[in-house]
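Written below as structure tokens is the structure these notes are about.
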């Protein structure tokens, strides 16, 4: 299957700082990328959908000024958690798809805000 | 409202003991149903896509089937390495081109040697 690389896999940051997470499609062009958040023993919750070169579409309840998404190229999307607080601690996962194919997921990023 | 319900929440099997996981869904027009495997601390790994009722797909000890209301993931003679959380997701056919997936909460499978 296609490979999606997500970096970093783990990050610990201080409250009030910003953290950037990268998601790269390594062997295909990702026309659409998705960002999810997952709490322990819970399902993946879609945060936003981004198409290359356009603004991301955020799900209801997700603050777009707090979770900045950039999809500048067909192989890279970034999620920046701005002014992070302990309640932002979670497992963040990206996925990517080319057109109408199945989506492939990154390895996930465990964010801990202290 | 589009919804995906997986059962059981957790399943413990002995090595070699075959069983099935269930994924029930309600969606306004099914575009596709997806099965993923997720190991602890990792992102989901794609297993299967099913598009229409009656469709079946197999991969090693796994077989996925689809009806108009549910999908089953059959595990034949499981091994300890099959232990993981199995996620089911649906993609609705209605409107838009985003194609985002709606996930169930998953079934955590443990296979004991």
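The values are calculated or read from the model by the stated rules, or taken from the named source; none is laboratory data. Every value quoted in this text rests on a predicted model; they were computed, and no experiment measured them. Here the Cβ is made from the backbone with ideal geometry for all residues, glycine too, and neighbour counts use every protein chain on show.
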Criterion violated by residue A:98 - all others in (1) surrounded by fewer than 20 Cβ atoms within 10 Å (Cβ to Cβ); (2) away from chain B (no Cβ under 14 Å) satisfied: (2)
Looking only at segment A:56-90, and only at residues there that are more than 14 Å from the chain's Cα centre (by Cα) and in a loop (DSSP other than H, G, I, E, B), the one that is surrounded by the fewest Cβ atoms within 10 Å (Cβ to Cβ): A:60
Verdict on residue A:57 being over 17 Å from residue A:111 (Cα atoms), within 11 Å of chain B (Cβ to nearest Cβ) and out of contact with any strand residue (DSSP E or B) (no Cβ under 6 Å at 6 or more places or on another chain): no
Selection within segment A:1-47 - surrounded by fewer than 18 Cβ atoms within 10 Å (Cβ to Cβ), over 22 Å from residue A:85 (Cβ atoms) and within 14 Å of the chain's Cα centre (by Cα): A:5, A:7
Among (1) closer than 25 Å to residue A:30 by Cα; (2) within 11 Å of chain A (Cβ to nearest Cβ); (3) touching a strand residue (DSSP E or B) at 6+ places or on another chain (Cβ under 6 Å) - the single one residue B:90 does not satisfy: (2)
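Condition check ((1) within 12 Å of chain B (Cβ to nearest Cβ); (2) over 17 Å from residue B:42 (Cβ atoms); (3) at pLDDT below 95) across all residues:
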{"residue": "A:5", "(1), (2), (3)": "yes, no, no"}
{"residue": "A:15", "(1), (2), (3)": "no, yes, no"}
{"residue": "A:29", "(1), (2), (3)": "no, yes, yes"}
{"residue": "A:35", "(1), (2), (3)": "yes, no, no"}
{"residue": "A:42", "(1), (2), (3)": "yes, no, yes"}
{"residue": "A:64", "(1), (2), (3)": "no, yes, yes"}
Strands (runs of 3 or more DSSP E) contained entirely in segment B:71-112, each with at least 2 residues that are surrounded by 17 or more Cβ atoms within 10 Å (Cβ to Cβ) and at pLDDT 95 or above: B:84-92, B:107-112
Breaking point among (1) outside any strand (DSSP E or B); (2) touching a residue at least 12 places away in the same chain (Cβ under 8 Å), for residue A:42: (2)
Search result, residues across segment B:1-40 that are more than 13 Å from residue B:103 (Cβ to Cβ), part of a loop (DSSP other than H, G, I, E, B), touching a strand residue (DSSP E or B) at 6+ places or on another chain (Cβ under 7 Å) and within 14 Å of chain A (Cβ to nearest Cβ): B:8, B:9, B:39
